[in-house]
Every structure is written in C-alpha cells, then in structure tokens.
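*Asks:* The structure under discussion is supplied below as structure tokens; questions concerning it will follow.
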Amino acid sequence: MEYVKIYYRDQVYQQRQRFGGYQVYQSNTSDWRNGHLCHIDTTSTSAALSLTPEINCTGSAQYLTIYSDRRSGGLWWYSENAILELCEVEVYGCPLGKYGDGNCDSNCGVGCANSLCDPVTGRCAYCAVGYYRPGSLCVECPPNCYDSICNAESGVCSACTPGYYGNHCNQTCLFNCKDNRCMQSNGECEDCEDGFFGSSCDNCSVGCPNRVCDKISGNCSPCRPGYFGVTCNTSCPSNCKGDVCNQTSGICTECAPDFYGIYCQQICPANCRDSLCARGSGDCSACEPGFFGLNCNMTCSGHCECQQNNGTCIACTGGYFGLNCEEKCGQCSAESCSRSYGLCFCSDKTHGTCGCKHGWEGEKCTTQKVMKVSYDQTGTYAGAGVGVVIVLVLVVIATVIILRRKRFSKHKKENQREYRGKTFTNVESLPIPFETSDTQTSSGGNCVDISYHVLMS
C-alpha cells in the first residue's frame with residue numbers, strides 16, 4: 001500500500017462532526033484490532049476537516065478498516081454518536097515485492113523484510129534480519145556482527161564475532177585476549193591468555209617464574225633469580241651472589257666474591273684470600289700468602305706466611321725455611337722442606353735418596369753426587385759425551401797394544417836366539433790409568449778406570 005483516498009458524504013453540516021476523529025487500520029485478518037493503526041484524524045476544527053482526504057498509509061495488508069469511536073469522547077465539535085457515511089474508499093499501491101511510480105515494474109530490495117517496500121520509491125518498510133537502512137535501501141549488516149544482527153536504522157552491531165570490537169565490529173581485538181574475545185565498547189580484553197595481564201593483556205614480566213602472573217595486576221611471587229619488585233620487573237644489583245636479592249627491597253641476600261656493602265657495589269681489598277671480605281666493613285676474612293692486616297694491605301717479612309692480626313710468621317712459603325724463613329731449601333724433590341732444619345720431605349723415592357732431586361744427596365739435599373763408571377758399565381751410565389771418551393780410550397789402548405807387540409816381537413826374537421826352548425805364560429800388563437775430559441769431571445766429578453789383559457803364549 002502507498003496511500004488511501006476516502007470519499008465521505010458531503011450534504012449537511014453535521015457530516016463533518018460525524019467524520020471527525022476517524023481511524024484507519026491495516027491488518028492481515030478480519031480482526032483489525034490486532035492490526036496496525038495507520039492514521040488517526042486530529043483536525044482541530046470542523047471547518048478544517050476534509051471529507052475527501054488522501055492518507056499516506058504504507059505497509060502490507062489484506063484488510064483496511066476505517067473506524068469511528070465515540071465512547072472515549074473526543075474534541076468538543078465531534079458528534080455524540082458514531083456514524084460513518086462513506087461513499088468510496090480507494091487504496092493505491094503495488095503487489096507485494098514490487099514498486100514503481102504508477103507501473104510497479106521494479107522488485108523490492110532483498111534487504112526488505114517480507115519483500116515489503118514503498119510502492120513508489122522502493123524504500124523498504126522494514127529491514128530483514130541482517131540488514132539495516134542507512135538511506136532508502138536496506139544493506140548488508142557489517143560483516144563481523146555476531147549472527148549478522150545489527151540495529152535496523154543505525155547498523156550498530158548487537159554483538160561482535162570473537163576477535164573484533166567497535167559499533168560496527170570493524171576493529172581487531174588484541175591478540176593476547178583469551179579466546180580472542182574483547183569488550184565491544186573499548187576493545188579491552190575480557191580475560192587474558194596465560195603469560196599476560198591487564199586490560200590490554202600486556203606481557204607478564206620476564207622476572208616472573210615461567211612468565212606467569214596475576215591476570216589483573218601482573219604481580220607474581222617469588223621472582224626468578226636476578227629480579228625483584230611486586231611484578232618482578234626490576235633487576236637485582238649486578239654483584240649479588242647467585243643474582244639473588246630481597247623481592248621487596250632489592251637488597252642482595254649475599255654478595256658475590258670480591259664485593260661488599262648493602263648493595264654489593266664496593267670492591268674487597270686486593271689481597272683478601274679467595275676475594276672474600278666482610279659484607280658490612282670490607283675486612284678480609286683471610287689474607288693471601290705474604291700479607292696481613294684487616295684489609296691485608298701489609299706485607300709479611302721475607303718469605304713468611306704470617307698471622308693476619310699481627311704479622312707473626314707462622315709458615316714459610318715454598319722453597320724456604322728457618323725462624324724467619326730466610327734460608328733456602330736444598331735440591332728437594334718436593335718444593336718445600338721442614339721449617340726447623342730444612343730437611344727435605346720424603347715425597348719422591350724414584351731416584352734413590354728420599355726427598356732429593358736426581359743427582360743430589362745429603363740430609364738437606366745440598367751435596368751433588370759423584371758417579372764412577374767402569375768399562376763394563378759404560379753402556380748403562382755414560383751419555384753421548386762418555387761414549388766419545390770411550391772411543392778415544394780404545395784408540396789409545398789399541399795404539400799401546402800395537403806398540404807393545406812390536407816391542408815384544410823384537411824382544412822375543414832376541415830372546416829366542418838367546419833362550420831357545422823356554423816358554424813364557426801369563427804375561428800381564430799393568431793398569432793404565434785414564435781420566436775423563438774436563439767437561440765430565442766438572443759436571444759430575446766422575447773418573448774412568450780402564451784395565452786390560454793380554455794373554456800371550
């Protein structure tokens with residue numbers, strides 16, 4: 001329907017009083033009371049009332065009802081009795097789903113509810129579910145409206161599909177929102193995934209164990225080593241032992257070696273043993289060898305290890321002995337010797353005398369050994385230098401033998417002429433002494449005794 005035109009009887013003055021206050025209803029059944037009130041007359045005077053009104057009454061209906069009711073009274077000029085004197089009623093419009101100015105050739109838009117549109121303009125009377133009317137036509141609700149439902153006039157989504165927010169659900173929720181849901185009005189997360197907190201689902205602090213914190217405040221406890229604070233987002237002082245500090249104050253539980261002070265920012269004295277000192281005062285727990293004093297800043301005398309409080313010598317450093325550690329140990333196989341007498345400690349028996357290095361002997365290993373080497377032992381004790389000497393000795397022996405043979409041969413011939421028939425046996429040469437070179441004598445004090453025997457018949 002587009003409009004209704006009514007023709008009322010126009011013969012006497014009273015007919016306007018009878019027509020005044022009339023009502024027009026649309027309905028799809030004969031029970032018009034449950035239909036739609038399309039128009040009600042409110043003309044203020046009888047003279048102004050038209051008896052041939054043209055009334056805009058759009059909508060879809062099977063029945064049109066014109067009704068007059070005098071039970072509830074009305075304006076002063078209305079008749080007291082309900083009387084209708086209709087000559088003709090004309091209804092103008094198009095078949096359902098059609099529109100067009102005088103021809104009804106066009107189809108109503110798909111967004112029109114029940115295919116109902118203005119028979120002239122095509123404007124939807126109502127928008128179908130999933131559509132709204134920003135102008136004359138009903139269009140698609142915004143794509144991210146939940147179940148495609150939006151306000152028929154404004155297009156504001158009733159709710160958004162997960163992951164979107166805003167009036168038209170065209171903005172994206174933060175990726176840290178749990179189940180990808182956020183509030184439609186402002187995009188704040190309804191809840192956060194594990195590891196995130198707050199309305200914006202920010203990251204939990206790296207100092208929170210396993211990066212898990214309270215999803216509202218971001219607080220966590222206890223903090224991982226190296227962090228403190230209610231959200232564990234502040235680093236402990238760098239010199240805390242094991243990176244551990246008080247979660248509330250940030251004060252180090254203990255200091256790392258080489259540091260002291262409430263925040264472990266001061267350096268221990270240089271000669272503290274193992275770089276350890278008292279946290280409050282910086283006094284050394286013990287001193288490195290050779291130093292004494294509260295701060296180990298005084299030097300022990302000589303080669304002493306001394307008491308920290310007064311510097312009294314209590315032990316000697318390696319290689320020294322004596323009351324004040326002023327004497328040097330001998331050639332001990334171990335580095336140290338007894339403090340009282342300098343006797344070497346028995347820690348190495350490989351080379352003979354207990355406690356001495358190879359080639360040395362005596363109670364304090366201060367005497368160098370002298371080695372004697374016989375001809376038959378040259379292969380065991382002689383080195384390359386001794387081998388050279390032996391070769392020279394053999395050459396000398398060979399020369400002596402040759403000379404003596406020549407001399408003996410001559411003597412024998414003379415004797416044979418004089419003492420024919422006699423026999424000589426067990427002729428033995430005398431020992432020939434021979435000494436090693438100067439180098440061998442100076443290094444070991446050794447000598448070589450060489451003897452030889454010549455058996456002649």
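The values are calculated or read from the model by the stated rules, or taken from the named source; none is laboratory data. What you are looking at is a predicted structure, and each value in this text was computed from that prediction instead of being measured. Glycine also receives a Cβ, built like all others from the backbone with ideal geometry; neighbour counts cover every protein chain displayed. Surface areas here come from the heavy atoms of the whole protein model, side chains and all, with no ligands, DNA or RNA. Shrake-Rupley method; radii C 1.70, N 1.55, O 1.52, S 1.80 Å.
*Asks:* For the pair residue 194 and residue 254, what calculated FRET efficiency results from E = 1/(1 + (r/R0)^6), where r is the Cβ-Cβ distance and R0 = 35 Å, to the nearest 0.05? Intermediate values should be presented prior to the final figure.
*Replies:* Working: r = 33 Å, r/R0 = 0.95.
Efficiency at R0 = 35 Å is approximately 0.60.
*Asks:* If you don't mind, another one. Would you tally the net charge around residue 182, using a Cβ to Cβ cut-off of less than 15 Å, leaving residue 182 out, and scoring K and R as +1, D and E as -1? If you can, show how the numbers build up before the last one.
*Replies:* Working: positive: 178, 181, 215; negative: 179, 188, 190, 191, 193, 202.
Taking every Cβ under 15 Å from that of residue 182, the sum is -3.
*Asks:* Here is a follow-up. Over the stretch 1-160, give the accessible area per residue in Å² for a 1.4 Å probe, as an integer. Numbers along the way, then the final one.
*Replies:* Values: 9210 Å² over 160 residues.
That works out to 58 Å² per residue.
*Asks:* Further question on the same structure: Ordered by residue, what ³J(HN,Hα) values in Hz, to whole numbers, does the stretch 322-338 give under the Karplus form 6.51 cos²θ - 1.76 cosθ + 1.60, where θ = phi - 60° and Gly and Pro are x?
*Replies:* Working through the residues one at a time gives x, 4, 10, 6, 9, 9, 9, 5, x, 7, 6, 5, 8, 5, 9, 9, 5 Hz.
*Asks:* Determine the share of the stretch 119-232's accessible area contributed by carbon and sulfur atoms, expressed in whole percent, with a 1.4 angstrom probe. Could the numbers behind the result be given before it?
*Replies:* On the way: 3180 of 6290 Å².
That share works out to 51 percent.
*Asks:* Whose amide H sits under 5 Å from the amide H of residue 55, counting only residues 5 or more places off or on another chain, with H placed in the peptide plane?
*Replies:* Hits under the 5 Å cutoff: 4, 5, 6.
*Asks:* Moving to a separate point now. Computed FRET efficiency, Cβ-Cβ of residue 270 and residue 328, R0 25 Å: what is it to the nearest 0.05? If you can, show how the numbers build up before the last one.
*Replies:* On the way: r = 28 Å, r/R0 = 1.11.
Working from the Cβ atoms, E equals 0.35.
*Asks:* Accessible area of the stretch 254-343 with a 1.4 Å probe: how many percent of it is carbon plus sulfur? Present the calculation step by step, with values, prior to reporting the outcome.
*Replies:* Numbers: 2500 of 5030 Å².
That share works out to 50 percent.
*Asks:* Oh, and also: Amide H neighbours of residue 132 under 5 Å, counting only residues 5+ apart in sequence or on other chains, H built in-plane at 1.01 Å?
*Replies:* HN-HN under 5 Å from residue 132: 139, 141.
*Asks:* Among residues other than residue 120 whose Cβ falls under 13 Å from its Cβ, what is the net charge (Lys/Arg +1, Asp/Glu -1)?
*Replies:* Values: positive: 98, 123; negative: 2, 101, 105, 118.
Net of charged neighbours comes to -2.
*Asks:* If you plug each phi of the stretch 3-16 into the Karplus form 6.51 cos²θ - 1.76 cosθ + 1.60 with θ = phi - 60°, what whole-Hz ³J(HN,Hα) values come out, in order, with x for Gly and Pro?
*Replies:* Once θ is set to phi - 60°, the couplings for the stretch 3-16 become 8, 10, 10, 10, 10, 9, 4, 10, 10, 10, 5, 5, 5, 5 Hz.
*Asks:* I would also like to ask the following. Excluding ligands, DNA and RNA, what is the solvent-accessible area per residue of the stretch 216-348 at a probe of 1.4 Å, expressed in Å²?
*Replies:* On the way: 7470 Å² over 133 residues.
Accessible area per residue, the stretch 216-348: 56 Å².
*Asks:* Still on this structure: For residue 118, enumerate residues with amide H under 5 Å from its amide H, sequence gap 5+ or separate chain, H modeled in the peptide plane.
*Replies:* The answer is 123, 124, 125.
*Asks:* Among 157, 172, 204, pick out the residue whose Cα is farthest towards the positive end of the charge dipole of the stretch 150-207, where Lys and Arg carry +1 and Asp and Glu carry -1 on C-beta, about the Cα centre.
*Replies:* It is 157, whose Cα lies furthest towards the positive end.
*Asks:* Under a Cβ-Cβ cut-off of 12 Å, what is the net charge of the residues other than residue 196 that fall near it, where Lys and Arg count +1 and Asp and Glu count -1?
*Replies:* Details: positive: 178, 211, 215; negative: 191, 193, 194, 202, 214.
Once positives and negatives cancel, what remains is -2.
*Asks:* Moving on to the next point. Where a Cα-Cα gap under 16 Å defines reach, which aspartates and glutamates qualify for residue 98, not counting those fewer than 8 residues away within the same chain?
*Replies:* Result set, ordered by chain and number: 2, 118.
*Asks:* Given the protein chains as shown and a 1.4 Å probe, how many square angstrom of residue 12 are accessible, to the nearest 10?
*Replies:* 70 Å²
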